[in-house]
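Quick note: the coordinates plus some simple rules give every number you see, no bench work behind them. Bear in mind that the values here come from a model prediction, so they are computed numbers and not experimental data. Neighbour counts are summed over all protein chains in view; Cβ atoms, including those assigned to glycine, are modelled from backbone coordinates with ideal geometry.
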Amino acid sequence: MRFSGTFFEKLFERFLQFLSDAAEHWSKHTNRRTILTLIVGGTVLTWSYVALVQPPDDFPLGPLVTVPEGASLSEAARVLSESHAIRSEIAFKSFVKLSGHEGDIHAGDYLFKEPRDVFSVARALITGAYGLEPTRIRVREGATTKEMAALFAANLQRFDSAHFLASAQPQEGYFFPDTYFFLPNATDKLVEETMRQNFDEKIASIQPRIASSTHSLAEIVTMASILEREAYNTQDRRMIAGVLWNRLAKGMALQVDVTFAYTIGKGTFQLTMKDLTSDSPYNTYKYKGLPPTAIGSPSLDSILAAVTPIKSDNLYFLADHHGVTHYCKTYACQLANKAKYF
């Protein structure tokens, strides 16, 4: 079959027309396709960020996140996911691997104070940025081990109150009241050791005075714990120490009310006759001698007062409603003061 030149010319013209029409069509719909591409791309990026990168809604702010010692990258990722510190284990592992730090995960306790995306969390584990800062905890003078347990448990996440009390209560009075700085992951064992060490150091600083005393350290600490609650200045503490040591030397009951605050939580003006006859070894009205243990942790000032009492013939004392302490040598004088000041 033969084709004329005119046939090929017409065919070529139609091809050119097709290209022209296609170009015009593409030109007319360019903006629409661009917008569609941007929408799809933006949706994919947004979904990727929310699903893989963004901090979870319940990101752990405050609670410790613990990566076990020797944990692999996968194990660390699982811990972070279960703790809600990351949304995607895959995203976390991918970032760590791509950064070339797969073997650099640091084990330990991490504390996050603000939500952090997966990249920031990964960097923290790679560099060992634990986020732990010392917590300031003030233990007041005269605090009991029960009060200490509650105080530390409220501030330290690894603190076991029951375990602390089981070990510390038999040592009541031997944990020095002071301002302490502990990391949030400090344990009850560390707290106990630190406070007892502080006490031992303070006692060592006044050891010569204790050695020259006629009383044992246990007697001094117990007496000091009573003085801590009975008075608020050095002079009165030393005066009261003289009175109480006098009573003990004469075989008299101490008859101090502050021991009831330790056992039943009542102060002088709340006690009843039933309380005064209660069968407790801390009832210094019923049982002679010092209580079986201290009734709190005394300050160094109270310990020194117990060691250096002001000598006198006084056997009685009472504090009025204004906090002024009155001393007496006889019971008749004590009764007169009660009638005068109460």
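Overview of results
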{"read-out": "The range 120-148-the range 270-342 distance, computed between alpha-carbon centres (Å)", "value": "40"}
{"read-out": "Residues ILE126, ILE226 arranged by fewest to most Cβ contacts within 10 Å", "value": "ILE126, ILE226"}
{"read-out": "Cβ-Cβ FRET estimate between THR330 and ARG123, R0 fixed at 51 Å, reported to 0.05", "value": "0.10"}
{"read-out": "Amide N proximity, the range 99-130 versus LEU190 label position 7 Å along Cα-to-Cβ, cut-off under 16 Å", "value": "107-112, 129-130"}
{"read-out": "Least to most buried among SER312, SER302, SER83 (fewest other Cβ within 10 Å first)", "value": "SER312, SER83, SER302"}
{"read-out": "Convex hull of Cα atoms in the range 188-337, direction-averaged projection (nm²)", "value": "9.7"}
{"read-out": "For peptides 242-255, 58-71, sequence by mean Cβ density within 10 Å, most packed first", "value": "242-255, 58-71"}
{"read-out": "Calculated from backbone phi, Karplus (6.51, -1.76, 1.60) coupling profile of the range 215-220 in Hz, x at Gly/Pro", "value": "10, 6, 4, 4, 5, 5"}
{"read-out": "Spin-label pair GLU69/ALA204, simplified geometry with 7 Å Cα→Cβ offset, distance in nm", "value": "2.8"}
{"read-out": "GLU114/SER312 FRET efficiency (R0 51 Å; Cβ-Cβ; nearest 0.05)", "value": "0.25"}
{"read-out": "Length released on extending from LEU165 to ASP320, taking residue separation times 0.36 nm less the Cα-Cα span", "value": "52.3 nm"}
